[in-house]
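Okay, structure first, notes after.
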């Protein structure tokens, strides 16, 4: 009898273990990475692990108000349908379209998953590439959530200039693309077989009226709640990881080394920060406290700005997505406008700081 019961219990135990493995796989990889890093640090240096936890918790409390406000702004835009207003930016004369697209790119609250499919939708619908390029370049750099969190971590002046820089890089790319097309280049932007669907694209295909009082509709309340929870996890994980990395950087990166590489008022630190921003960039939100820590250790303001601008547009994940979508000449133009714009605006910020 006991043998029979043991046999019956074995599958249950196997299924329980399989279930636990499945639960682990469903955990976000960033949280898993953070947990693994903290566990490894605790084994190597218990005191530093405790200091890093305290540093991270204190930093998160310091930006909690800004974090919650940014989550609310993004969720409200999604629930009310305000994101559909982007469709109005892509009509009219070329110069007006480019200006509107750059402004909308810097100010619109689009999620990161929506930018690439949205660009595919716009191009497949025949929207001119110059306007799309302006939006494409400006959008990853700044949005309302990013602005609020930048104010909380780096200050109002930094946030305002970064918004201006996002629009400026968008305009550089838009008018630069217009000039290239006038010379006969970049006539076929999309790769063969690229569709026009995906997250965010429906807002352009069929823009609907904005329902500002979204709470009066059950479905919109559900959308608000779902988007808020998604952004809470998204922003929370990247900020937690960023503050944890900052705690290690403060503890182990000599200030003299930072000052030597990217400190001072010369052109070289800004050039280095622009080039380093491409492979080293983690995430727009995660980079903010990291740059804040570097600035405290002597990083030149213009270098910090150039790092945020170049990394926001040309980080490896974003660049791979763009390369998969656009033909090589368009991809090269995208990278060129991003790097040149980031360098010039970083130098200007250094001069103004």
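Odds and ends about this structure:
- Packing, as the average of other Cβ atoms within 10 Å across residues, places the peptides 135-145, 290-300, 217-227 in the order 135-145, 290-300, 217-227, highest first.
- Potential extension, residue 212-residue 188 segment - 0.36 nm per residue separation minus Cα distance: 4.8 nm
- Packing-based ranking, highest mean first, of 70-78, 37-45 given that Cβ atoms within 10 Å are counted: 70-78, 37-45
- Order by protection proxy (mean Cβ within 10 Å, highest first), peptides 169-177, 148-156, 51-59, 183-191: 169-177, 148-156, 51-59, 183-191
Read the figures in this text as sums done on the coordinates, not as results from a lab. It should be emphasised that the depicted structure is a prediction, and the values quoted were computed from it without experimental measurement. Positions of Cβ are backbone-derived with ideal geometry, glycine not excepted, and every protein chain shown enters the neighbour counts.
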